[in-house]
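Data block below; observations after.
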Amino acid sequence: MSDDQTRVQEFFSARAADWDSRFPDDGPAYAAAVAELGLRAGDRVLDAGCGTGRALPPLRAAVGPSGVVLGADLTPAMLREAVRAGRDRDGALLLTDVAALPLRSQSLDAVFGAGLISHLSSPAENLRELARVVRPGGVLALFHPIGRAALAARHGRPLTPDDLRAEPNLRPLLAGSGWRMTSYVDEDSRFLALAVRED
């Protein structure tokens, strides 16, 4: 395991048990972001870096019983919390790194990534891996239940221009990784960037 993977696991393992209780009001924001993916019954979707699986119930509701919902995370403790919360009923959980997904190329219709991008060890390569598993025309949602400024304030740091989620940084990063950004929202109540998988 790489140093980056170890750091991510250590960070989230220490926070897994009380993760949901620290952010109890995020459910509606997750549901609204999932709705913007435009999923249909029968679609196949991955929650990349699913953590405790908070997106899995709205993803399952969107694709229905005939759809496929997968949740992938690198941290066993987060997946245990997803199971404890019963969210494994809404999607199959995979202990894996989004840098090397055990999925066939073009096997998915969409990827949802909440709080994902700031934890990617090699953002361009990792976004290319997400593009690999999504069919052309499929969708990527990069989401956070609060915006960049609010998140920076929560962590007691200034908002800097080199933030990967800043639109001038994110748009070319996505474009170089097989995605075309179609919408970008960064307000106090949420961050949501949507992109389409290029042919």
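Scanning the range 167-197 for residues that are at pLDDT below 95 and closer than 20 Å to ALA48 by Cα yields a single hit, ARG190. Filtered by the rule that a residue be outside any strand (DSSP E or B), open to solvent by 50 Å² or more (accessible area, probe 1.4 Å) and among the hydrophobic types (A, V, I, L, M, F, W, C), the range 50-75 gives a lone residue, ALA61. Does ALA61 qualify as being out of contact with any helix residue (DSSP H, G or I) (no Cβ under 7 Å at 6 or more places or on another chain) and under 14 Å from LEU142 (Cα atoms)? For ALA61, the condition - out of contact with any helix residue (DSSP H, G or I) (no Cβ under 7 Å at 6 or more places or on another chain) and under 14 Å from LEU142 (Cα atoms) - is not met.
Restricting the first member to the range 38-59 and to residues that are closer than 18 Å to LEU130 by Cα, and the second to residues that are among the aromatic types (Phe, Trp, Tyr) and surrounded by 24 or more Cβ atoms within 10 Å (Cβ to Cβ), the beta-carbon pairs closer than 6 Å and six or more apart or on different chains are ASP47/PHE112; ALA55/PHE112.
Taking the range 38-49 as the range and being on the phi < 0 side of the Ramachandran plot and open to solvent by 10 Å² or more (accessible area, probe 1.4 Å) as the test, the residues that pass are LEU39, ARG40, ALA41, ASP43, ARG44. With respect to the conditions (1) modelled with pLDDT of 95 or more; (2) under 21 Å from PHE11 (Cβ atoms), ALA153 falls short on a single one, namely (1).
Kindly indicate which of LEU37, LEU46, LEU74 is among the aliphatic types (A, V, I, L, M) and touching a Ser or Thr at 6+ places or on another chain (Cβ under 8 Å). Spell out the reasoning first.
Working: LEU37 fails: touching a Ser or Thr at 6+ places or on another chain (Cβ under 8 Å); LEU46 fails: touching a Ser or Thr at 6+ places or on another chain (Cβ under 8 Å).
Selected residue: LEU74, the only one of LEU37, LEU46, LEU74 that is among the aliphatic types (A, V, I, L, M) and touching a Ser or Thr at 6+ places or on another chain (Cβ under 8 Å).
Would you please name the residue that is surrounded by the most Cβ atoms within 10 Å (Cβ to Cβ), looking only at residues in the range 76-87 that are assigned to a helix (DSSP H, G or I) and in contact (Cβ under 8 Å) with a residue 60 or more places away in the chain?
It comes out as MET78.
Inside the range 18-37, can you point out the residues that are hydrophobic (A, V, I, L, M, F, W, C), surrounded by fewer than 21 Cβ atoms within 10 Å (Cβ to Cβ) and either at pLDDT 85 or above or in contact with a Phe, Trp or Tyr (Cβ under 6 Å, 6 or more places away or on another chain) (or both)? Outline the logic, then answer.
Filtering the range 18-37 down to residues hydrophobic (A, V, I, L, M, F, W, C) leaves 19, 23, 29, 31-35, 37.
From the residues that got through so far, the ones that are surrounded by fewer than 21 Cβ atoms within 10 Å (Cβ to Cβ) too are 19, 23, 29, 31-32, 35.
If the condition is that a residue be hydrophobic (A, V, I, L, M, F, W, C), surrounded by fewer than 21 Cβ atoms within 10 Å (Cβ to Cβ) and either at pLDDT 85 or above or in contact with a Phe, Trp or Tyr (Cβ under 6 Å, 6 or more places away or on another chain) (or both), then ALA29, ALA31, ALA32, ALA35 are the ones that fit.
Assessment of the range 115-127 against the conditions (within 21 Å of VAL68 (Cα to Cα), among the charged types (D, E, K, R) and out of contact with any strand residue (DSSP E or B) (no Cβ under 7 Å at 6 or more places or on another chain)) yields no matching residue.
Restricting attention to the range 12-37, report how many residues are touching a residue at least 12 places away in the same chain (Cβ under 8 Å) and either at positive phi or of a type in the set (A, V, I, L, M, F, W, C) (or both). Can you show your working first?
First, the residues of the range 12-37 that are touching a residue at least 12 places away in the same chain (Cβ under 8 Å): 12-13, 16-17, 19-20, 23, 26-27, 29-37.
Those left that are additionally either at positive phi or of a type in the set (A, V, I, L, M, F, W, C) (or both): 12, 16-17, 19, 23, 29, 31-35, 37.
Residues flagged as touching a residue at least 12 places away in the same chain (Cβ under 8 Å) and either at positive phi or of a type in the set (A, V, I, L, M, F, W, C) (or both) within the range 12-37 amount to 12.
The values are calculated or read from the model by the stated rules, or taken from the named source; none is laboratory data. Since the model is a prediction, treat every value here as computed from it, not as a measurement. So basically every Cβ, Gly included, is an ideal-geometry build from the backbone, and we count neighbours across all protein chains shown. All accessible areas refer to the heavy atoms of the entire protein, side chains included, with ligands and DNA or RNA removed. Shrake-Rupley method; radii C 1.70, N 1.55, O 1.52, S 1.80 Å.
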